[in-house]
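First up is the structure itself, then whatever we jot down about it.
The values are calculated or read from the model by the stated rules, or taken from the named source; none is laboratory data. As the structure is a computational prediction, the values presented were derived from the model and not from experiment. Positions of Cβ are generated from backbone atoms using ideal geometry, with glycine treated the same way; all protein chains shown enter the neighbour counts. The accessibility values were calculated without ligands, DNA or RNA, using every heavy atom of the protein model including side chains. Shrake-Rupley method; radii C 1.70, N 1.55, O 1.52, S 1.80 Å.
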Amino acid sequence: MGPAAALAERLGLPVRDLELLEQALVHSSWLHEHRDAARGHNERLEFLGDVVVNLAISEALYEAHPSDDEGLLSTRRASIVSTTGLARLAGRMDLGGLLLLGEGEAQRGGRRRPSLLASAFEAVAGALYLDLGLERTRLWLVELAEPELSNDSPGISLKSPKSRLQEHTQRRTGARPDYRIVAASGPDHEKLFRIEVWVEGRPLGVGEGPSRRTAETAAATRALELLRRERAAMAGTGSPADPADELKPAATTGRRGQ
């Protein structure tokens, strides 16, 4: 059974165009090594799927949280459709194991890379939209993301690490975190960024990723972890605590771990 047929079976959807679904699984690195084996890589489908996912999630949140204002709805949506959020949804269907990756990309752990999983997930959504239509694709997305859609956590706990770190620094000094590129290596289609975040004149975290945004998010996460440990040490608790109440992590509500 090919990867597209396996995915269709896993999804439980009446997929008609397996070739289109297979294209959603094709990374550009694989197509570079197998130029005549597929109709194309998945980046065009990713472009379309991005819109489909955002529309479906936005509508579902609007219905599920009638008392939320526009700002909180936007925060909830961002937590679901972020790179981390979409990679989590991709993990629920074990999408990584079905991706068609170039040899080098596979060896570098591409099947577990959040940015690659998120992009492939959007491509799958785009392929399903073209094949099955918006309503069937919307229902599939809403069912898959139900734990996040029904999450009633306050808005601050849904914010990204970068947003939470910025709010902390602005509250303390009025300044913004300073993200500095330490290194950027690899060809354009396989870039690896290493970024360091400085807060109040000192480096607090380093992160790596295939884009500046991903690396900055990883650096912010490390900075928050350090600030929690420092606050815990100052309080003499011996256990991690957030540097401020606003930095508390979101409660785990999904069927799978973060």
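At a glance:
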read-out	value
Rounded Å value of the spacing that divides the Cα centres of the stretch 158-219 and the stretch 52-74	28 Å
Cα-projected label distance for Ser67 with Gln170, points at 7 Å along beta-carbon direction, nm	2.6 nm
Probe 1.4 Å - accessible area at Leu132, Å² to nearest ten	40 Å²
Taking the C-alpha atoms of the stretch 19-102, convex hull volume expressed per residue in Å³	99 Å³
Shape box of the chain [Cα atoms, principal axes, largest first, Å]	59, 46, 29
Leu116 accessible area, 1.4 Å probe, all protein chains in place, Å² to nearest 10	20 Å²
